[in-house]
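Engineer: Handing you this structure, nothing more for now.
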Amino acid sequence: MADNQLARQLAHSALDALKKAGHIVLAPGGGEQTAREMAQQLEPALPRILAKVVRSPIMGEVSSTFGDEATDELVEELVEELRETVLDSDGVEDVFAEDRAIERVIFLTLRDELRLLGNREADDEAEPPPISVRLDTLGYVAKAAAREAELPTLRDALDRAAMAVQAELDNFDAEAHTAFFRPGDSDPEKRIEIEAAIEEELSDLVDLGVVELPSELRVVPLPALAPEARKGLSRRLDDLAARHLADPLCPGSWDWGAEKTTVVLSFTPLTAPNPALIDSAAAAFGAGLAGLLAELPSPPAAAAIEAAESRPARKVATTKPPVASKQDSDDALARRLLAALESEPALKKKPASKKKAAEPKAAAPKMPKKKA
């Protein structure tokens, strides 16, 4: 507050107190004139008085302390001058009290007004109390990120949040999961600003992949599939995920399970986990997967096809007449030949003559008998 404005305020307060006590009567319109004259005397002395004003109550009257002996003497002189100004002012019509009574009222007015002003300025200059924020009371993402983040990463995020709202991170109790901030001012809305800044910083850690939120898993069993069937199924599972696992509050993804005998669904809640919502999305995905499997060959047929394709081609053996090996012994060859001869039917032949057989003579033609 400017000294001129404070001086006029003190002057008006003193005049009002004198009128209320019945010590003076002001002339019509004279109050403003007298207050202006008193303010002119107050203004030069106020800086010295205000520098020594203490918050403790002032005891006694004129001899009471305003901080030190020199300030007390200054106030005593000032009160006497103000009393003279009131008595000599043209704005005062009548005076009905002794000098001592007038000085007492002026002094008490200065004491109360300056003490009130001193307390107010001390409150303004006093350091605001620290603001504590329990991280577990924040939103789900911030709470989960604070739990999952490493301590140095978490402290850095809290420092950035404090700087964003002109505050300072005073301490962090890791066991109680509570951060203490010293605000730059005593704004009652500062706590809300700090909490909002913390949530923003911790959410950024999740968006940047520095911290991963807890996930919920669901497993869908699969029948035995050929590699070609699984390869074609992968692309169609991506389409299923886009339809059934894209909830903005609980996005999900899929992957093959162990030995590719299951499909594992992973959900990352961005609000308090809702098991019913997760189960519903998993059921919808499972139903779509069942429809895709129905379009594939049955597992036995698929396995048979795979086995047939992987089996090497066999050569068909052709029957050939036995051929004697060079390594066969003479006895073995003789036995085979003998067996072959025995299997043939026996043939009876006359030994062929070395001479040619005589050719048969031509029969003589028979002559007809003559008649006698």
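Engineer: Quick one: 3J(HN,Hα) in Hz for the stretch 33-47, Karplus 6.51/-1.76/1.60 with θ = phi - 60°, rounded, Gly and Pro as x.
Structural biologist: Running phi through 6.51 cos²θ - 1.76 cosθ + 1.60 with θ = phi - 60° gives 5, 5, 5, 5, 5, 5, 5, 5, 7, 6, 4, x, 8, 4, x Hz.
Engineer: Using alpha carbon coordinates only, what is the Rg to Rh ratio of the stretch 148-209, with Rh defined as the Kirkwood radius?
Structural biologist: Result: Rg/Rh = 0.96.
Engineer: Could you sort L277, L293, L78 by accessible area so the largest value comes first, with the probe set to 1.4 Å?
Structural biologist: L277, L293, L78
Engineer: What's the carbon and sulfur percent of the stretch 206-293's accessible surface, probe 1.4 angstrom, rounded to a whole number?
Structural biologist: Whole-percent figure for carbon plus sulfur exposure: 58.
The values are calculated or read from the model by the stated rules, or taken from the named source; none is laboratory data. All figures in this text were calculated on a predicted structure; none of them were measured in a lab. The area values use the complete protein model at the heavy-atom level, side chains included, leaving out ligands, DNA and RNA. Shrake-Rupley method; radii C 1.70, N 1.55, O 1.52, S 1.80 Å.
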